[in-house]
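Written out below as structure tokens is the structure these notes cover.
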Amino acid sequence: MVAWKLSTLLVLSLRALNACAAEVKPEKVEEAVGAEPQTPTLKVKVSASFPQSEIFGVKLINGHATKALFSFTNDEPEPVGVTIIGGSLLQDAAPTAQVIRNLTAAKYSIEIPAGTEQTVPYSFSTEMHPQDVRLQLLAVLKDHKGAFHTVSVYNETVSVVEAPTNIFDPQIIFLYLVLLGAFAGTVYFIYQTWISTLFPQKKRGGKGGERAKKSSAGTKKVDPADQVAVVGADGPAVTSGAKAFDASWIPAAHLQRPEAKRVRSGTPKTKVKS
């Protein structure tokens, strides 16, 4: 802000010197040297308002443009032009205020006729830590003679705040999904590593009858006429889809179940010849 003021004053000084050099006559130079400098004033009223401000004061939201409306009332008999609108953010500290950030200066080519009022929009954005700062807004006006005048429009304390969080923001939704996936993976790992070992494991398999019941569970029921008994199994083993066959041609000896031979216990006695 200090550099911007110095550059503005330098431009004004050069223009004032050029104007004086063109208008002042040589015989009046001695009188002008001894005279005190006078700052020309304009009969122009300037005020700034913030249409998006709240009741409790002006808040500058980071990442969002802050809109300000400059109202100019020209009471001069000649038209007045608006050339530059800008400002800065300052932090009050002893012994002098410290400039934190300079706002973007906007150039205009607007002419306000005499006796009229006109509104000029101006917007700026901020990206800084939430804090209370002093907002200073300036306007550079140009009179009908081509001289520039710097007018202080706004100089109040404002608050810099963060933008409110929206739960439907895509970045927030993606963050929620990532956290949910990480949490689910952690829970599954803990369950498989420690919790699942505390529960008894179910035994698989069983006898032939149980296996047949399990294999036939949930399938199509088998007609008893189509069932084939398997000899030697410890339970009924059913094969679905098998048709009955004619056993009249099979010898009866093969159809009968062979009986186990009994073996006498002990060693047989042998006759000893005398």
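The values are calculated or read from the model by the stated rules, or taken from the named source; none is laboratory data. Keep in mind that this is a model prediction, so the values were computed, not measured. Don't worry about glycine lacking a Cβ; one is built from the backbone with ideal geometry, like all the others, and counts go over all protein chains shown.
Values computed for the structure shown
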read-out	value
Candidates Ile195, Ile167, filtered to the one that is at pLDDT below 85, aliphatic (A, V, I, L, M) and within 38 Å of the chain's Cα centre (by Cα)	Ile167
Elements of type strands (runs of 3 or more DSSP E) contained in region 34-131, each with 2 or more residues being in contact with a Pro (Cβ under 7 Å, 6 or more places away or on another chain) and at negative phi	66-74, 106-112
Sole exception among (1) farther than 27 Å from Gly146 by Cβ; (2) surrounded by 14 or more Cβ atoms within 10 Å (Cβ to Cβ); (3) not charged (D, E, K, R) for Thr73, by number	(1)
Of residues in region 111-133 being of a type outside the set (Ser, Thr, Tyr) and surrounded by 15 or more Cβ atoms within 10 Å (Cβ to Cβ), the one nearest to the chain's Cα centre (by Cα)	Phe124
